[in-house]
Amino acid sequence: MSRAGIKATLGRVPRPFDDPQSIAPGPNSDRILIFGAGLVVGWGVSTHELALPGFLARSLSSLTGRGSDVELVADPDNLLQNALRQLNALPLWRYDALVVVLGVNEALQLAPLKAWRRNLAALLTGLEETFAGKPVVVAGIQRIRSIPVYDSMLGGIADHQATMFNRASAQICAQTV
């Protein structure tokens, strides 16, 4: 499928229309920020309650017995290389934890592994300074071919790139703990 065909197909996929947040009521709420691209955008559902923010809010509240307030900052075009700049423009002090979900775009662009490693290390180092030791979760990149529009030979090549990025991410995250 051509790039124009992919954009046209994605333009017909439902996406949430409501505010990018989800709240599970309860005492002493945890405030979580999800930042990224790819699946966090909410492809295929019409509300964030059915997407990752709602799932995370309900799951976290169930596990902790406390409330949870999950906010989302996502754009289909977000890239790791711009993440620290974008995050530093946000009021990070308001959040108890951060979930970063990036990499689909880089895998599809077949970005160099060296650049991925450098950008992820820079993000985590920068967050050590601005996020004051709070938990940061770096989610693995989903299988690219699991995205119907990329279930193709290109998706298979991008899957391999995503696997390489995920391995590098695990190493870098292990070193920054």
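The values are calculated or read from the model by the stated rules, or taken from the named source; none is laboratory data. Everything numeric in this text was worked out from a predicted model, so none of it was measured. Because the Cβ atoms are built from the backbone with ideal geometry, glycine has one as well, and the counts that use them run over all protein chains shown. Just so you know, the surface numbers come from the protein's heavy atoms only, side chains and all, with ligands and any DNA or RNA stripped out. Shrake-Rupley method; radii C 1.70, N 1.55, O 1.52, S 1.80 Å.
Quick notes on this one:
- Test for Ala24: is it at pLDDT 90 or above and of a type outside the set (Val, Ile, Thr): yes
- Filter result for Phe165 (closer than 20 Å to Leu56 by Cβ and open to solvent by less than 20 Å² (accessible area, probe 1.4 Å)): no
- Of the residues making up the stretch 14-42, those that are under 12 Å from Gly54 (Cβ atoms) and either touching an Asp or Glu at 6+ places or on another chain (Cβ under 6 Å) or in a loop (DSSP other than H, G, I, E, B) (or both) number 8.
- Within the stretch 26-39, residues that are more than 28 Å from Gln109 (Cβ to Cβ) and open to solvent by 30 Å² or more (accessible area, probe 1.4 Å) reach partners that are part of a strand (DSSP E or B) and not β-branched (Val, Ile, Thr) with beta carbons closer than 9 Å, at six or more positions or on different chains, in the pairs Gly26/Ser68; Ser29/Ser68; Ser29/Asp69; Arg31/Ser68; Arg31/Asp69; Arg31/Glu71; Arg31/Ala97.
- Any hit, the stretch 95-113, residues being polar (S, T, N, Q), assigned to a helix (DSSP H, G or I) and either more than 24 Å from Ser146 (Cβ to Cβ) or without any contact (Cβ under 8 Å) to a residue 60 or more places away in the chain (or both): no
- Residue in the stretch 114-130 that is among the basic types (Lys, Arg) and outside any helix (DSSP H, G or I) present: no
- Screening Leu60, Leu72, Leu84 for residues that are among the hydrophobic types (A, V, I, L, M, F, W, C), buried (at least 23 other Cβ atoms within 10 Å of the Cβ) and either modelled with pLDDT of 95 or more or part of a strand (DSSP E or B) (or both) leaves exactly one candidate, Leu72.
- Among residues of the stretch 132-159 that are open to solvent by less than 80 Å² (accessible area, probe 1.4 Å), those with a beta-carbon under 7 Å from a residue that is of a type in the set (Asp, Glu) at least six positions away or on a different chain give the pairs Lys134/Asp96; Ile144/Asp159.
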